[in-house]
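Okay, so here's the structure we're looking at.
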Amino acid sequence: MTVHAFHIFDRKGKTLFTKRYSSIVKNQPVQDAELLSEQRKLIFGMLFSLRELVGSLTPEGESPALHSVRTGAGTLHCYETISGLRMALYTNNNPNMGSNARNLDTSKTSFQNALKHIYSELWVDCVVRSPLYRPGDIQVDGNGNDVGRFDIRSTNFEKKLDAYLASMPWFR
Amino acid sequence: MGFLHLFIVNKSGGLILHRPLGQSAPRIGTNEWLRIGSTFHSLHAIAAEASPVKLPGNKNSAGADDGIEEIRGGGLILKCLQTRTGVKFVITAEPGTSDLDAVLREIYVLYSDCALKDPFYELEMPIRCELFTNAIDNLIEKVESGGFKTR
């Protein structure tokens, strides 16, 4: 199981954090900043519309939420907080949860739990509680570099995120 | 085992069939169905575009264009089978329903047996074929009573 990319979007679709993991850089040519930014907007729009779609198809009594979207090329896992913050994690399609891969359902929920952990323990602790942070300050340009008043690199969010993902049994 | 809905989208995104498959299926009006069909058609393609890795030629292992195969949400599983001709068979069900892939493939077989071999059926037009809808209902009944063996 490889992680390809990780994005965090706010309510309005602005990218708050984005990271591509090196496993795909070998196979794909370097894309320029414009293209990556367009791709992120596409991802946000897709998440937004998919949630509407799932909402209209879900039976009564169940709360609509989008957990994962699988295509032939990979799976997109998403987690949305009540404040509208959306986290999107791209992985490939083969769950490798140790020797027995029979527990398909638990592998799905563990992504939800992982993303929830990333939000509540890492994002809230490192970024939201940082004394320099003000909502709306973060802006990310095409290369994933922060512009604007608050720089995510002033927190250890990225380091902690990498450490957390590396500790997951499904990360390689 | 809770099947919810089946819908079929033609290669231009128009809806050619929608059918509730169980009692817990939410009631959705015809206009809303048309909207769902075309939205799904576009999102199916966008999902393949937005992915950081793409399959070679953007075709999956079945030779059809890559796109959404499965969506899992709270309280819902949606599975889609895209054929080489661009027709998409989409089924929704409650979580915990097994054999969705096999059921989808069987519905594809029923489509080619009942709708395509019907001499009056025009391709890409809405399917108005009692044989097809009866066969679908029988299939769902058979699966729910546990009598369905995957090929």
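Things worth noting here:
- Among the residues listed as A:Gly144, A:Gly98, the single one being over 16 Å from the mean Cα position of the chain (by Cα), at pLDDT below 70 and outside any strand (DSSP E or B): A:Gly98
- The range B:5-20, subset open to solvent by 20 Å² or more (accessible area, probe 1.4 Å) and part of a loop (DSSP other than H, G, I, E, B), residue nearest to B:Leu110 (Cα to Cα): B:Lys11
- Among residues of the range B:60-91, those that are β-branched (Val, Ile, Thr), under 18 Å from B:Gly13 (Cα atoms) and within 7 Å of chain A (Cβ to nearest Cβ), counted: 1
- Hits in the range B:12-59 (condition: charged (D, E, K, R) and within 9 Å of chain A (Cβ to nearest Cβ)): B:Glu32, B:Arg35, B:Glu49, B:Lys54, B:Lys59
- The range A:45-69: number of residues that are part of a loop (DSSP other than H, G, I, E, B) and more than 7 Å from chain B (Cβ to nearest Cβ): 1
- Between A:Ile43, A:Ile24, the distinction of being of a type in the set (A, V, I, L, M), within 18 Å of the chain's Cα centre (by Cα), at pLDDT 90 or above and surrounded by 14 or more Cβ atoms within 10 Å (Cβ to Cβ) belongs to A:Ile43 only.
- When the residues of the range A:53-90 are filtered to those that are under 19 Å from B:Lys79 (Cβ atoms), of a type outside the set (Gly, Ala, Ser) and in contact (Cβ under 8 Å) with a residue 24 or more places away in the chain, the one that is most open to solvent (accessible area, probe 1.4 Å) is A:His67.
The values are calculated or read from the model by the stated rules, or taken from the named source; none is laboratory data. All values reported here derive from a predicted model rather than from experimental measurement. Every residue, glycine among them, receives a Cβ derived from its backbone with ideal geometry; neighbour counts consider all protein chains shown. For accessibility, only protein heavy atoms count, side chains too; no ligands or nucleic acids. Shrake-Rupley method; radii C 1.70, N 1.55, O 1.52, S 1.80 Å.
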